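The structure under discussion appears below in the form of structure tokens.
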Amino acid sequence: QRKLDEDQQLMEQLRDTAVLLLASEKLDEARDQHREQQAADLVATYSKRAVVGALAAVAPGSDIIIQGLLATRLVQALCKVYDVSVKEVEIDSFLRLAGGRVKKLTAITLAITGNALKAFPGVGTLTGGLVHAGAYGMIFESLGRAAAQTLASRGDLRPYPAARAFEEILNDNLEAGAIRFAKLALAEKGKEKQT
């Protein structure tokens with residue numbers, strides 16, 4: 001302390017360094033919060049698009065093409081938010097791994113979504129399109145959140161950890177997500193009938 005008291009120039013340098021470090025930490029924190037909000041907005045947008053795409057798909061298999069394209073664009077948009085350059089191979093690998101996990105959970109996901117839809121009067125007679133639309137909404141939300149979480153924590157899109165996170169997020173949010181996306185599917189179906 002005596003040496004610092006005697007050396008005012010060193011004291012000024014240390015103070016300036018401390019101020020710069022504090023400012024840098026605050027900027028990093030603000031950037032991370034901004035990215036997190038942008039990612040959440042993208043996930044919400046693409047989840048809604050997945051629901052609409054599932055409702056709009058009329059030809060057998062066309063929903064898979066629509067959802068595949070949406071999933072690729074979602075991951076690309078999230079990579080831009082986190083300033084991560086990603087190769088198509090990495091995106092394809094992540095989506096393929098996530099798709100494998102979805103196949104295992106599809107029956108559960110569809111059953112829970114179907115049950116959520118039954119909670120709304122008059123919905124029991126509606127087609128399975130609503131069930132699939134709600135399931136796609138849940139899947140996309142989980143997919144986007146897993147990709148964003150991996151990009152934020154690792155600074156890169158790592159297919160295996162992202163696919164594991166996807167499965168965990170989907171499992172954790174099945175019931176709450178089913179109700180939320182069932183409501184969204186019903187609202188979108190209502191808009192469709194009005195036009």
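A few points about this structure:
- Between LYS26 and ASP83, the modelled labels are 1.9 nm apart [label points 7 Å from Cα along Cα→Cβ].
- Pairwise label distance in nanometres, GLU6 with LYS191, each label 7 Å out on the Cα-Cβ vector: 7.4 nm
- Going by accessible surface with a 1.4 Å probe and the largest first, SER153, SER24, SER47, SER93 read SER153, SER24, SER93, SER47.
- Computed label-point distance, nm, for sites ALA152 and VAL19 using a 7 Å Cα→Cβ extension: 3.2 nm
The values are calculated or read from the model by the stated rules, or taken from the named source; none is laboratory data. Here the structure is a predicted model, which is why all the values come from computation and not from measurement. We place every Cβ from the backbone using ideal geometry, glycine too, and count neighbours over all the protein chains shown. For accessibility, only protein heavy atoms count, side chains too; no ligands or nucleic acids. Shrake-Rupley method; radii C 1.70, N 1.55, O 1.52, S 1.80 Å.
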